[in-house]
Amino acid sequence: GAGKPPLYGDYEAQRHWQEVTYNLPIRQWYFNTSDNNLLYWGLDYPPLTAYHSFLCAYIAKLINPDWIALHTSRGYESQPHKLFMRTTVFVADLLIYVPAVILYCFSLKETSTKKKASICALCILLYPGLILIDHGHFQYPLSLGFALWGVLYLSYDWDLLGSVAFCLALNYKQMELYHSLPFFCYLLGKCFKKGVKGKGLVLLTKIAGTVVVSFAVCWLPFCTDMEQIMQVLRRLFPIDRGLFEACMFSSPPPRLANIWCSLSVLVKIKNMVSPQTQLKLSFAVTFLSVLPTCIKLTVQPSLRGFKFALVSCALSFFLFSFQVHEKSILLVSVPVCLIINEIPFMATWFLLVSTFSMLPLLLRDGLLLAYAVTTPAFLSVCVAAFSIFEKTSAEDLQLKPFSLSLKGYVSWFKSFPKIVRSLFLLSVTLMGVLSLMSAAVHPPQRFPDLFPVSVSVISCLHFVFFLVYFNVVVLWDSKNSRSQKKIS
């Protein structure tokens, strides 16, 4: 959106939040006033995002006050300011996200040497989706970074620190709710395992107290009255906008690779049911899709199960939940990065599809060249680092327990590696052709959205396939929590 009034783009949104938080008192940050028009990139993220914007604004004020001048700075663009804004993203990367990735990779039992850990970290950090969104579409990686710290702390059984880290993630972006159920179920399962009346109750009390204190600290300036709290919540969860909220702010409307947008190609759900019914429908389907994984994780808590549950639940939220954005697929992709060492073939495949699913957004942002460079580079590094085509057996894909449960059909799995490799090559070829056509070919006048719709539907079909796959891995996981603890 650079240089394109009236809204300019997400870069301007981040800059405008700095303008608002620095120049206005806290009580006005989330309210519509003459100085804060909520229709012009009004704050719609939790308090921690606002505090971060204020911190960046304070530094910006020291460098050039014009960058955040109230009203007059709207649409401000200059090379020095772009350098400043890019630097703030790099700093956030270097302080929060990158250290979490590196420490996580060095903590894995599978990466027994520094070389293997470094290669694993390199593959995760080269994931093109996050690079293109954080540094191209312009976002900050803090919520995902805090969530990674939460996973890292829990892997060391530092449950209270893990709870604090995830609370920070949730208070930075409400979309971290995608990961909330696995965190909750894993910790609750650990408490049950320790005994409801003994150590488990003590641990549960400590975790509950930690969560309450963390939220209280983040929300303290907004707790002066109930009206403040309710206004922030209304900004965070704008239910009245309906199921297809992401389609309201662009022309042509963006195409999203989830179930509702894909189904709307054939069935106009938006015109058939009211926003309230849409909310209830999406809640019911999302809840039912995550229920089996959550029950399994609560009954048999294990670190391995927790990481796979993060993927499965986040993917269910992306496919079925309310008001999803294209870039929300990153909330699935980052947990997939955490298991790339365990199932490198499927993880690499998923990460390629997740980047492809954002192609319409990336094209609107003028990121074709960056997309064309980073995606093949990522695939090349993963092939070289993990030899992914050699790891396609049922055992390599964590499907051995499932294949054994099929009894008489086990012989079918003998040809499974060949089938999976063929599907992968077909998928990559299809994504490559569609990417090329989206960038270079004009669609027919009768179907102006042909390519975005094709990208969304094909990506959605991939994601449904991956949802089934990850649920099978979780539900048929034969490794109990005791063996997992010994391995850790």
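The values are calculated or read from the model by the stated rules, or taken from the named source; none is laboratory data. Every value quoted in this text rests on a predicted model; they were computed, and no experiment measured them. In this analysis, Cβ positions are derived from the backbone assuming ideal geometry, glycine residues included, and neighbour counts consider all displayed protein chains. These area figures cover heavy atoms from the full protein model, side chains too; ligands, DNA and RNA do not enter into them. Shrake-Rupley method; radii C 1.70, N 1.55, O 1.52, S 1.80 Å.
Apply the a/c threshold of 1.5 to the C-alpha gyration tensor of region 81-476 and tell me whether it is rounded, prolate or oblate.
Since a/c stays below 1.5, the shape of region 81-476 is classed as rounded.
Under the 0.36 nm per residue contour assumption, what length would be gained going from the current alpha-carbon distance of Leu103 and Val212 to full extension?
Stretched out fully, the Leu103 to Val212 stretch lengthens by 36.5 nm.
Suppose all protein chains stay in the model; what accessible area per residue would a 1.4 Å probe give for region 81-476, in Å²?
44 Å²
Can you give the charge dipole size of region 351-439 about its Cα centre, rounded to the nearest 20 debye, using +1 on the beta carbon of Lys and Arg and -1 on the beta carbon of Asp and Glu?
Computed charge dipole of region 351-439: roughly 300 debye.
Quick one: putting +1 on the C-beta of Lys and Arg, -1 on the C-beta of Asp and Glu, what dipole do you get for the chain around its Cα centre, in Debye to the nearest 20?
So the dipole magnitude of the chain works out to roughly 1620 debye.
Rank-order 163-176, 393-406 by packing density, defined as the average count of other C-beta atoms within 10 Å over each peptide's residues, highest first.
Answer by packing, highest mean first, reads 163-176, 393-406.
Sorted by packing (mean other beta-carbon atoms within 10 Å per residue), highest first, where do 369-375, 57-63 land?
369-375, 57-63
Kindly rank 348-355, 34-41, 223-230, 283-290 from highest to lowest mean number of other beta carbons found within 10 Å of each residue.
Per-residue mean Cβ counts within 10 Å order the peptides as 348-355, 283-290, 34-41, 223-230.
Once every DSSP H run of n ≥ 4 in the chain is given -39500 (n - 2.57) and the sum is divided by its residues, what mean residue ellipticity at 222 nm do you get, rounded to the nearest 500 deg cm²/dmol?
Rounded to the nearest 500, the figure is -20500 deg cm²/dmol.
In percent, what relative contact order does the chain have, based on Cα pairs under 8 Å that are 6 or more apart in sequence?
It rounds to 16 percent for the chain.
Give the shape of region 1-104 as rounded, prolate or oblate, defined through the alpha-carbon gyration tensor: a ≥ b ≥ c are the square roots of its eigenvalues, a/c under 1.5 means rounded, and otherwise the shape is prolate if a/b is larger than b/c and oblate if not.
prolate
For region 21-137, what does the relative contact order come out to in percent, with C-alpha contacts under 8 Å and a separation of six or more?
Reported as a whole number, the value is 16 percent.
Can you find, among Ser73, Thr33, Leu450, the residue farthest towards the positive end of the dipole of the chain? Put +1 on the C-beta of Lys and Arg, -1 on that of Asp and Glu.
Towards the positive end, the residue furthest out is Leu450.
Heavy atoms only, probe 1.4 Å: what % of the accessible area of the chain goes to carbon and sulfur, would you let me know?
Carbon and sulfur together cover 68 percent of it.
With r defined as the distance between the Cβ atoms of Asn32 and Leu291 and R0 fixed at 41 Å, what FRET efficiency is calculated, to the nearest 0.05?
Result of the calculation: an efficiency of 0.60.
Within the set Lys193/Lys400; Lys109/Lys307; Lys61/Lys82; Lys193/Lys296, which residue pairs have Cα atoms separated by over 20 Å?
Violating the 20 Å limit, Cα to Cα: Lys193/Lys400.
Taking K and R as +1 and D and E as -1, what net charge do the other residues with C-beta under 11 Å from the C-beta of Phe31 add up to?
Once all neighbours under 11 Å are counted, the net charge is +1.
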